[in-house]
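Have a look at the structure below, then the notes.
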Amino acid sequence: MAPATTVVDDSLPSLPGKDVRPPITSYSPSMWGDAFTSFSFDDKELKHQVRSMLMTEGSTTIEKIILVDTIERLGVGYHFEQVIEDQLREIFFSESQDKELQDNYDLFSTALQFRLLRQHSYSVSCSTFIFSNSFAIYV
């Protein structure tokens with residue numbers, strides 16, 4: 001077998017002083033290691049605590065709504081889909097029947113409840129907002 005030979009094409013202009021290959025660099029290992037690639041949310045104790053927070057009877061409606069919003073924004077809402085749906089169903093039917101509770105809401109509470117219920121396919125009318133002198137009043 002014949003030894004391999006290198007063929008150089010002299011028809012291409014060579015770049016003076018330019019190395020065609022990128023420099024090889026050696027990076028030091030990350031201080032984080034594999035901490036984020038091997039993360040798992042399978043801690044049953046944490047799931048139990050969050051589930052019990054969602055199902056607490058003494059908490060107010062706005063506290064439940066804020067908790068549901070926080071859980072979903074953290075990206076772990078899929079662990080608690082059934083509990084979240086149960087809580088939102090309870091909020092939807094209790095709020096539609098009790099008008100006195102609706103009078104105590106500020107704009108943040110009203111908007112958050114409106115958004116969460118709409119995201120979970122509840123038919124909430126946008127007429128819940130009446131704007132008067134730059135203030136929103138829940139009707």
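Odds and ends about this structure:
- Once all protein chains are placed together, Glu85 keeps about 50 Å² accessible to a 1.4 angstrom probe.
- Full extension of the chain segment joining Arg118 with Arg51 gains 21.9 nm, where the gain is 0.36 nm per residue of separation less the Cα-Cα distance.
The values are calculated or read from the model by the stated rules, or taken from the named source; none is laboratory data. Values in this document were obtained by computation on a predicted structure and should not be read as measured data. Just so you know, the surface numbers come from the protein's heavy atoms only, side chains and all, with ligands and any DNA or RNA stripped out. Shrake-Rupley method; radii C 1.70, N 1.55, O 1.52, S 1.80 Å.
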